[in-house]
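Working notes, structure below.
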Amino acid sequence: MIICADDFGISQSVSDGILELLYKKKLTAVSCILNYDGNIINQIDSLLSFNSICDIGLHLNLTSGKPLSSGIDKSSGLVDGNGNFLNFNKLLKNILLKKVNIDILSIEIEKQLNYFLLLTKKFPDFVDGHQHIQQLPIIRNLLPEICSRIFKNQNFYIRVCRFPIKQSIIHKLKPEMILGSCLIDMFSTASIKQLDFFKIKFNNYLLGYHNYNKEFFFEKVFEYYLKLNTSKNDIFFTHPGYIDQDLIFRDTLIEGRKTNLEFLLSNKFEDLLGKNETKINKFNY
């Protein structure tokens, strides 16, 4: 199973926590958010030193902070009057109402992909999205085409949010976990169809949804998902990190990050992996 930490670069303390996990070999994938530039520039070399043990990818962000592209205004359907990205609900509404400028959206996606290349001097091992926006209508059509054009014959995959509903019911996952995972899974079938068309690799299942700011027994969350007979290309996504003022200003997911981090750093993490005969791995091509 792939253990992926999202949001490297959203704040220094979050990135510090992720680097600590990498040093202790607790992660096999890290997803980088690039539009909070000052944070990631100072820590990208440290992250890249772990590329032999973990996949390093782009966390495409269209719902938090400011675009990397210049000159985007409210008429694009992507930002507010202050030039900040719209939140998820407003972005989705504009997408469904066809109020998003596709040309400007394409430019911003390409800008973030190219910035990853500039910063890391390498192609991303994978691409996913902040708040799973890579699966939304329009974006799920544009992203595979742009990636195919820029990456050409490189090995990479795009994350999908497919969820094993039958298995989760059989193994009695909490109803709120099943419901939340199913909502995320809603757009996965259409996304997979696009990825197949462009012959792009993707993961099997995406596991790990829970209420980050209410569920403080993360050990139990992890244990529940391990019951689903995980495979090599299943991804367990998580949001570990320490807390600082930048994080508090930029995101709503705060205390849950510390809970995730503390569990992954603990011996209980390895104990549960061993008990369930689960090994952690990078993406298997």
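The values are calculated or read from the model by the stated rules, or taken from the named source; none is laboratory data. Since this is a predicted model, take the numbers as computed values, not measurements. All Cβ positions, glycine included, derive from the backbone under ideal geometry; neighbour counts span all protein chains shown.
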Restricting region 164-205 to residues that are part of a helix (DSSP H, G or I) and basic (K, R), which is modelled with the highest pLDDT? K193
What's the number of the condition G81 fails, among (1) assigned to a loop (DSSP other than H, G, I, E, B); (2) in contact (Cβ under 8 Å) with a residue 40 or more places away in the chain; (3) in contact with a helix residue (DSSP H, G or I) (Cβ under 8 Å, 6 or more places away or on another chain)? (2)
Looking only at region 227-285, which residues are modelled with pLDDT of 90 or more, basic (K, R) and part of a loop (DSSP other than H, G, I, E, B)? K232, K279, K282
For region 166-206, which positions are under 17 Å from F126 (Cα atoms) and in contact with a Ser or Thr (Cβ under 9 Å, 6 or more places away or on another chain)? F198, K199, I200, F202, N204, Y205, L206
Can you tell me which residues in region 1-34 are polar (S, T, N, Q) and either out of contact with any strand residue (DSSP E or B) (no Cβ under 8 Å at 6 or more places or on another chain) or on the phi > 0 side of the Ramachandran plot (or both)? S11, Q12, S13
Do we find a residue being within 18 Å of F283 (Cα to Cα), polar (S, T, N, Q), out of contact with any strand residue (DSSP E or B) (no Cβ under 7 Å at 6 or more places or on another chain) and surrounded by fewer than 22 Cβ atoms within 10 Å (Cβ to Cβ) anywhere in region 207-222? no
Among the residues of region 1-35, which ones are farther than 16 Å from T120 by Cβ, out of contact with any Cys (no Cβ under 6 Å at 6 or more places or on another chain) and of a type in the set (S, T, Y)? S11, S13, Y23
Just to be sure I understand the filter: pairs with C-beta atoms under 7 Å, separated by 6 or more residues or on different chains, first member in region 269-282 and touching a residue at least 40 places away in the same chain (Cβ under 8 Å), second member surrounded by 16 or more Cβ atoms within 10 Å (Cβ to Cβ) and among the aromatic types (F, W, Y). Which pairs pass? F269/F263; L272/F222
Taking into account only those residues within region 162-205 that are surrounded by 15 or more Cβ atoms within 10 Å (Cβ to Cβ) and of a type in the set (S, T, N, Q), which is nearest to the chain's Cα centre (by Cα)? N203
State whether one or more residues within region 23-35 are closer than 19 Å to K282 by Cβ, of a type outside the set (D, E, K, R) and in a helix (DSSP H, G or I). yes
Which listed residue is of a type in the set (A, V, I, L, M, F, W, C), crowded, with 18+ Cβ neighbours inside 10 Å and within 16 Å of F151 (Cα to Cα), from L91, L105, L58: L58
Say we look at region 114-161 and pick out the residues that are surrounded by fewer than 23 Cβ atoms within 10 Å (Cβ to Cβ) and of a type in the set (D, E, K, R); which of these is nearest to the chain's Cα centre (by Cα)? D125
How many residues, within region 85-122, are out of contact with any Pro (no Cβ under 9 Å at 6 or more places or on another chain) and of a type in the set (D, E)? 2
Find the residue count for region 36-55, including only residues that are exposed (fewer than 13 other Cβ atoms within 10 Å of the Cβ), of a type outside the set (D, E, K, R) and assigned to a helix (DSSP H, G or I). 2
Hey, does region 4-26 have a residue that's farther than 21 Å from L265 by Cβ, out of contact with any helix residue (DSSP H, G or I) (no Cβ under 8 Å at 6 or more places or on another chain) and not hydrophobic (A, V, I, L, M, F, W, C)? no
Give the number of residues within region 31-76 that are touching a Leu at 6+ places or on another chain (Cβ under 8 Å) and farther than 15 Å from L119 by Cα. 9
Determine if region 231-247 includes at least one residue that is surrounded by fewer than 14 Cβ atoms within 10 Å (Cβ to Cβ) and touching a helix residue (DSSP H, G or I) at 6+ places or on another chain (Cβ under 8 Å). no
